[in-house]
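Undergrad: Sharing a structure here in structure tokens format.
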Amino acid sequence: LELARYDIDFYQSALTSQAQSNAYIESPTRRALFADYVLTVGPAEVNAGLRYDRFSTGASRPVFPRISSAPGFDPAEPTAGFVKDKSHGRVSSSIRGRYQATPRLRIQAGLAARAQAPDFAAVLAGINTDLSVTSTTQVFGSDLGFEHATVLDVGARYLVRSGLSAEATVWHRKDDDVVGVRLVDQVDPVLGSNASVRRFRNSETLKATGFDLRLSQRLGQRGQAWVGYSYADASQQVDGVSPLVPTVDVAVAEMRPHTLIGAVLYQTGTGRRVLGGVLRDVGVYGAVRFASGTGYTRCPPSVPQDSGLLSGEPCIGSILGDFNGSRLPALKLVDLRLTRELRVGATRVVAFVDARNLLNSRNVTRVFAQTGRTANDAERDQVRGANLAEYDNEAVANGVRLPDGSIDLSFGGTANPRAACGSWINPSGTPTVPNCFYLIGAEERWGNGDHIFSTAEQTRASDALYQVARGLQNFTGPGRRVRIGLELRL
């Protein structure tokens, strides 16, 4: 029996615009009940399992993404007319058998169904965002159900000699109802006619076939080393046909065709006397992984360079080029964990050093689909220009723009400029006092604090915000991480 409850608080918004905004507070729940039965008859063994999964977001949402702009909206009951998400359940079964054909050869096979709850971020995306304050490119969530997979594998293990074994497995996997982005036609209550909305849907089917090879060597009684190679070939279908547009976070692109891994595990034991017993009760675990990069679709020249699309996101335009025909750089990882056990009376204390990505390799996880690099100068310049234009428009609307483009946030030398924000409006004439506060704070953070927001300071503020979403940290995996600690084993 498994029970889980999640408390999710999420907020996302631009500096002075609600476009692409996203905010929600929800508490989804997940539960599962499962059972296994094992039957052994001579050299044969059969393991059968049954599992029931169920989840519920507990959320409510408008049928069409209009809330305050919907006809008849009542501020006293803002969620009137919302529809509550359903609870989703699914039964999964599995059967696995193995047969000891000879003392050296073991054959095994399995068939299993697996259910995977969708990413709650996809379910809840834009749930409280009104279409009137964002753009048509925003992706909205929906009441998603389970993704489910069917996995078949057949393999064998052969004992080459004492301590040395070889394994080979061939497998096939099919994933149905995978979450992807689709254009959905729905009735817009403001227009009174259909409008297309981008939504996450259980709309895709993924298929993958591959094989795994592994060679294992026992190191005496205290260790083991192994090396393995995996190959995978994947394809994607959307609603039963090949996709015309790749969707966000396409799982097929995440498949790495070639993966090579090696690892060693060794424990010295209590009898080791080398170097005065320093190496007694020392554990070593090291792993090396090298894998080909994930695939993505390079946007064709017809897509503007400043559109800022990332690998895995749909290219806008009628010409897509080679679907998933480009690949990110290869993945390279070296991990190492060292432990040393000490005994203090009846208590065992284990000191450890755990290093991930020991060599601090730069592993690129995504790139700009137009440039194939982790930087896009055209998009950065476009975003910077748009931000400076927003600053300028608000400055003009409030009569605080200086001839050189600076913004006089001191309001003529006021000692407390925030107190003068009461009349601040946006270019449409709507009162937006928070914008004034944020602009003053931006000048104090990225300027010299004199409350004259120069164009150079505006540029620094814009670039800082751009780096939050477009900095290198968003395009590469974690660098070297080292943990040092103690474990108490009572």
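The values are calculated or read from the model by the stated rules, or taken from the named source; none is laboratory data. All of these numbers come straight from a predicted model, not from anything done at the bench. Glycine gets a Cβ as well: all are built from the backbone with ideal geometry, and neighbour counts include every protein chain shown. Ligands, DNA and RNA are excluded from the accessible area calculation, which covers all protein heavy atoms including side chains. Shrake-Rupley method; radii C 1.70, N 1.55, O 1.52, S 1.80 Å.
Undergrad: Report Rg(Cα)/(2.2 N^0.38 Å) for the range 423-490, keeping two decimals. Don't jump to the answer; show the numbers that get you there.
TA: Details: Rg = 20.4 Å, N = 68, 2.2 N^0.38 = 10.9 Å.
Output field value: 1.87.
Undergrad: Let me check the size of the range 1-147 from its C-alpha atoms; what are the radius of gyration and Dmax in Å?
TA: When restricted to Cα atoms, the range 1-147 yields Rg and Dmax of 22.9, 77 Å.
Undergrad: Also, I was wondering about something else. Where does the chain land on Rg(C-alpha)/(2.2 N^0.38 Å)?
TA: On the way: Rg = 28.8 Å, N = 490, 2.2 N^0.38 = 23.2 Å.
That ratio works out to 1.24.
Undergrad: Explain nothing, just the number: relative contact order of the chain, from Cα pairs under 8 Å at least 6 residues apart, as a whole percent. Intermediate results must be reported in sequence, preceding the final value.
TA: On the way: 1099 pairs, mean separation 40.0, N = 490.
The value is 8 percent.
Undergrad: Probe 1.4 Å, all protein chains in place: accessible area of W171 in Å², nearest 10?
TA: 50
Undergrad: Another question about this same structure. Could you tell me the convex hull volume per residue, in Å³, taken over the Cα atoms of the range 339-490? Write down the numbers at each step before the final one.
TA: Numbers: hull volume 32.3 nm³, N = 152.
Value for the range 339-490: 213 Å³ per residue.
Undergrad: Taking K and R as +1 and D and E as -1, what net charge do the other residues with C-beta under 13 Å from the C-beta of V433 add up to?
TA: Details: positive: R418; negative: E394.
Summing Lys/Arg as +1 and Asp/Glu as -1 gives 0.
Undergrad: Moving on. Take the solvent-accessible surface of the protein heavy atoms, probe 1.4 Å, and return the percent of it on the chain that carbon and sulfur atoms account for.
TA: Roughly 56 percent, rounded to a whole number.
Undergrad: For the range 107-155, list log₁₀ I(q)/I(0) at each q in 0.28 Å⁻¹, using the Debye formula over Cα point scatterers of equal strength and ignoring solvent, two decimals each.
TA: Ignoring solvent entirely, the Cα scatterers give -1.00.
Undergrad: If R0 is 25 Å, what FRET efficiency do you get for T455 and V433 from their C-beta distance, rounded to 0.05?
TA: Values: r = 24 Å, r/R0 = 0.95.
So the FRET efficiency works out to roughly 0.55.
Undergrad: Work through the residues other than G405 whose Cβ is under 15 Å from its Cβ and net out their charges, Lys, Arg +1 and Asp, Glu -1. Don't skip to the end; give the middle numbers.
TA: Values: positive: R384, R401, R460; negative: E390, D392, E394, D404, D408, E443, E457.
Charge balance near G405 sits at -4.
Undergrad: Quick check: the angle from helix 455-470's long axis to the longest principal axis of the chain, C-alpha only, nearest 10 degrees?
TA: Orientation of helix 455-470: about 30 degrees from the principal axis.
Undergrad: On each of the three principal axes of the Cα atoms of the range 64-170, give max minus min coordinate, whole Å, ordered largest first.
TA: Principal extents (largest minus smallest coordinate, Cα): 77, 27, 19 Å.
Undergrad: For the range 33-126, give the magnitude of the charge dipole about the Cα centre (Cβ charges: +1 Lys/Arg, -1 Asp/Glu; no others), in debye to the nearest 20. Spell out each step's value before the answer.
TA: Working: 12 positive and 7 negative charges, 99 e Å.
Once rounded to the nearest 20, the dipole reads 480 debye.
Undergrad: Give me the accessible area per residue for the range 338-490, probe 1.4 Å, as a whole number in Å². Kindly include the intermediate steps, with their values, before the conclusion.
TA: On the way: 8340 Å² over 153 residues.
Per-residue accessible area for the range 338-490 comes out at 55 Å².
Undergrad: Can you give me the angle between helix 433-446 and the longest principal axis of the chain, using Cα atoms only, in degrees from 0 to 90, rounded to the nearest 10?
TA: 70
Undergrad: Measuring from the lowest to the highest alpha carbon on each principal axis, how far does the range 28-115 reach, largest first, in angstroms?
TA: Result for the range 28-115: principal-axis Cα extents of 76, 19, 13 Å.
Undergrad: For the range 13-70, what mean projected area does the convex hull of the alpha carbons give, in nm²? Intermediate values should be presented prior to the final figure.
TA: Working: hull surface 32.2 nm².
Averaged projected area of the range 13-70's Cα convex hull equals 8.0 nm².
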